[in-house]
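Report on the following structure.
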Amino acid sequence: MFNKSAARTFMFMVSLTLILKVLGFIREMVMANFYGTNFIVDAYVMANAIPNILLGGIFASVATSYTPVFSTIHEKNGELASNKFTSQVINLLILLSIAAILIGILFSDELTAIFASGFSGETAKLTSLFIRITLAGVLFSSVAGIMDAYMQYKGHFLKPIISAYFQNIGVICIVIFSAYTSHYYLALGLLIGSFFRLLYISTSAGKVGYHYDLNFSLGEPIRSILHMAVPVFIGSYILQINSFVDKTLASSLPEGTVSALNYAMILITLITGLTVTLLVTFIYPKLTKAFTLTNLNAFNAIVEKGTGIIALITIPISIGILAFDNEVVQIVYERGAFNPIATDKTSEAFLFYGIGLFFFALNDLLAKVFYAMRDAKAPIVCSGISVIINIILNLLLIGSMAHKGLALSTSIAAIINTLLLLIWMNKKHPKINSVGSWIKILKIIVASSISVSVVWCVNNFLISTIWMPRIGYLSIAVLCASGIYILLLKIFRVEDIKILKELLLKGNSDKRSKYAKS
């Protein structure tokens, strides 16, 4: 799965994604600089959120379901048939997008009243205007999502990330332009950025073999993708309900609790976004292709290596969070209005979310394994059960643990979801080796625990003897823990350490080379 070329590509993915997140941060800084916190920003934020609430889950589920069906058609019927299918999916999304645009034009006031009931006067009017523009943007973003999936299946993983740069740059340019002209232009940023994103990724797809076909027929392939997309959408919607319940319960706690949980989860999603999410994106097309070709050995090898890499990355980070939760939150957030009290509250939530980090990541991979096998039922049933358990645990723990209980409930629910998926896999798909070696997982836990424990002691000694900035202590801790961790993995003969070596050494040593598949 990770040869020299693949390792280089994956490292470029990590680098480009990191830069993209920095660009997103710059976008928010530019917005804050020119507009601060006022009714214009309130209207803009809500108008951007409403299309995601209404349509984001639908388009994301179609994009997820597209890959397995595309793989079957491409591998069995060839390029021409798969191009026709891709065009049919795109044309279906175009029809849905046009319907959304008409809804935005005709019912923007009603949408504002429903989703932003607290807005009135100029804020409500501006939100209604912005909704008409942002809903038009789904025409470009929905098609771009399919083009991203097409490129990823073809082995071109960098261009979908690069295409997102156009969207961020478009927003930044329009924010600056609107600040010197009129704030009514502000919502055009996302629309224009989405257009150039689609233009770039569709041009790139054309260079690797895609040709658009004006075919609006809803044949058997489209029915197949819709059959799979519905449970995928329901599964994502269940998770949104779970998040909504958590926030609702948190709102009953003292002021700042919702914010603390949000800031803590942002750190968790940042960790997974730069590592596990990219990994799952990288291997999902490979899984679908291996299953389509009935290559069970290759399929199992990909799953086992994916699980191994997730364990190698997330288990030491999870244990590290238990030891250095407060230090991480201090360095990232504590400045200005974010005082030590806010740090303590956020770090408490961060700690309990950190317990479930490995399971959050593994659930993402296992869900994609099921989708690759055209089994969308398992993730929805397991996530539904885990959400019910999460709500029950929330109600049981919120009284004694407050926001810490909400975070712990989320982690426990993730653990249960993982166990349910593994049980389902073993029962319905016994030939799939989903985890590989549990002994290997145990070795990783032991190596992680020893390395973090040693470094925690060293860190306390340094704090008591030498002064340096907080980030200095944490940097030394991370470097020392990494060295000890890698040494212990070698001693324990954890073979997956070779994969990390391919990613870190080969990926970095070949930066001067051309992209193998960019």
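In table form, for the structure just shown:
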quantity: Residue identified as open to solvent by less than 40 Å² (accessible area, probe 1.4 Å) and at positive phi among Gly193, Gly256, Gly235; calculated: Gly256
quantity: Lone qualifier among Ser82, Ser71, Ser87, Ser65 - being under 27 Å from Ile238 (Cα atoms) and among the hydroxyl-bearing types (Ser, Thr, Tyr); calculated: Ser65
quantity: Per-region count, region 18-41, residues surrounded by fewer than 19 Cβ atoms within 10 Å (Cβ to Cβ), in a helix (DSSP H, G or I) and either of a type outside the set (D, E, K, R) or touching a strand residue (DSSP E or B) at 6+ places or on another chain (Cβ under 7 Å) (or both); calculated: 16
quantity: Residue that is modelled with the highest pLDDT, among those in region 237-271 that are small (Gly, Ala, Ser) and closer than 15 Å to Phe350 by Cβ; calculated: Ala264
quantity: Top-ranked residue of region 82-137 - restricted to ones that are open to solvent by 80 Å² or more (accessible area, probe 1.4 Å) and in contact (Cβ under 8 Å) with a residue 60 or more places away in the chain, ranked as nearest to Phe70 (Cα to Cα); calculated: Lys84
quantity: Meets criteria (modelled with pLDDT of 95 or more and within 26 Å of the chain's Cα centre (by Cα)) for Ile432; calculated: no
quantity: Hey, Thr343 polar (S, T, N, Q) and more than 28 Å from Val435 (Cα to Cα) or not; calculated: yes
quantity: Any hit, region 154-170, residues being closer than 17 Å to Thr86 by Cβ, among the polar types (S, T, N, Q) and either open to solvent by 40 Å² or more (accessible area, probe 1.4 Å) or at pLDDT 90 or above (or both); calculated: yes
quantity: Residue pairs meeting the criteria (Cβ under 9 Å; at least 6 apart or on separate chains; first farther than 16 Å from Ile234 by Cβ and open to solvent by less than 60 Å² (accessible area, probe 1.4 Å), in region 42-62; second hydroxyl-bearing (Ser, Thr, Tyr) and at pLDDT below 85); calculated: Tyr44/Tyr35
quantity: Whichever residue in region 200-232 is touching a residue at least 24 places away in the same chain (Cβ under 8 Å), farther than 22 Å from Ser65 by Cβ and assigned to a helix (DSSP H, G or I) and, among such residues, is least open to solvent (accessible area, probe 1.4 Å); calculated: Ser204
quantity: Test result for Ile174, more than 16 Å from Ala63 (Cα to Cα) and without any contact (Cβ under 8 Å) to a residue 24 or more places away in the chain; calculated: yes
quantity: Residue list for region 239-262, filter: under 15 Å from Ser409 (Cα atoms) and of a type in the set (D, E, K, R); calculated: Asp246, Lys247
quantity: All positions within region 291-329 that are open to solvent by 40 Å² or more (accessible area, probe 1.4 Å), in contact (Cβ under 8 Å) with a residue 60 or more places away in the chain and not aliphatic (A, V, I, L, M); calculated: Phe291, Glu304, Lys305, Glu327
quantity: Qualifying positions in region 326-338 - touching a helix residue (DSSP H, G or I) at 6+ places or on another chain (Cβ under 7 Å) and not in a helix (DSSP H, G or I); calculated: Glu334
quantity: Matching residues in region 435-474 - criterion: being in a helix (DSSP H, G or I), within 30 Å of Arg335 (Cβ to Cβ), open to solvent by 70 Å² or more (accessible area, probe 1.4 Å) and β-branched (Val, Ile, Thr); calculated: Ile463, Thr465, Ile471
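The rows are residues; the columns are (1) touching a Cys at 6+ places or on another chain (Cβ under 9 Å); (2) among the small types (Gly, Ala, Ser); (3) at pLDDT 95 or above.
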| residue | (1), (2), (3) |
| --- | --- |
| Ala407 | no, yes, no |
| Thr410 | no, no, no |
| Ile415 | no, no, yes |
| Met425 | no, no, no |
| Ile439 | no, no, no |
| Ile444 | no, no, no |
| Val454 | yes, no, no |
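The values are calculated or read from the model by the stated rules, or taken from the named source; none is laboratory data. None of the values given here were measured: they were computed from a predicted structure. Methodologically, a virtual Cβ is constructed for each residue, glycine included, from the backbone with ideal geometry; neighbour enumeration extends over all protein chains shown. Areas reflect the complete protein model, heavy atoms only, side chains present, ligands, DNA and RNA absent. Shrake-Rupley method; radii C 1.70, N 1.55, O 1.52, S 1.80 Å.
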